[in-house]
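Here's the structure, in structure tokens; my notes come after.
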Amino acid sequence: MNRRFVYAFIAVSSLVELAGCKSLLKKRDPDPAPSATPVVVTPPAVVAPVPTTPPVPEAPAPVAVDENAVPTTEDFEDEAFEKVTPANFRAQFTQLKLEIAKP
């Protein structure tokens with residue numbers, strides 16, 4: 001397909017869309033005249049009181065956690081290097097997938 005044709009088509013379609021937008025703006029009606037009859041809004045007959053909420057309990061004090069007690073990946077690296085070898089990595093990987101899949 002010729003590039004000039006594509007560019008010309010894009011330019012013409014853009015101009016048509018722009019002209020369409022301008023014609024929509026010109027066709028807009030002015031604001032309607034205010035109505036002669038007044039509108040009366042009546043308040044609701046009975047207003048229910050807002051229920052009081054119980055006091056919010058205070059947040060519990062933060063618990064001190066020993067950071068060394070939380071296991072991390074570094075804790076298991078040595079064990080993994082001892083257990084997993086190039087000869088048995090597929091079996092170990094399958095076993096790990098089964099352990100993860102258990103509920």
Does any residue of region 13-21 turn out to be at pLDDT below 75 and assigned to a loop (DSSP other than H, G, I, E, B)? no
With the condition kept exactly as written, say whether any residue in region 77-87 is of a type in the set (D, E, K, R) and within 35 Å of the chain's Cα centre (by Cα). no
Here the residues within region 52-89 that are assigned to a helix (DSSP H, G or I) and either polar (S, T, N, Q) or surrounded by fewer than 10 Cβ atoms within 10 Å (Cβ to Cβ) (or both) are Glu67, Asn68, Ala69, Thr73, Glu74, Asp78, Glu79, Phe81, Glu82
If you check every pair at least six apart or on different chains, which have Cβ atoms under 6 Å apart with a residue in region 1-12 that is assigned to a helix (DSSP H, G or I) first and a residue that is loosely packed, with under 10 Cβ neighbours inside 10 Å second? none
Pick from Arg4, Arg90, Arg28: which is among the basic types (Lys, Arg) and at pLDDT below 80? Arg28
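The values are calculated or read from the model by the stated rules, or taken from the named source; none is laboratory data. Note that the structure is a prediction, hence the values are computed from the model and not measured. Note: ideal-geometry Cβ built from the backbone for every residue, glycine included; neighbour counts use all protein chains shown.
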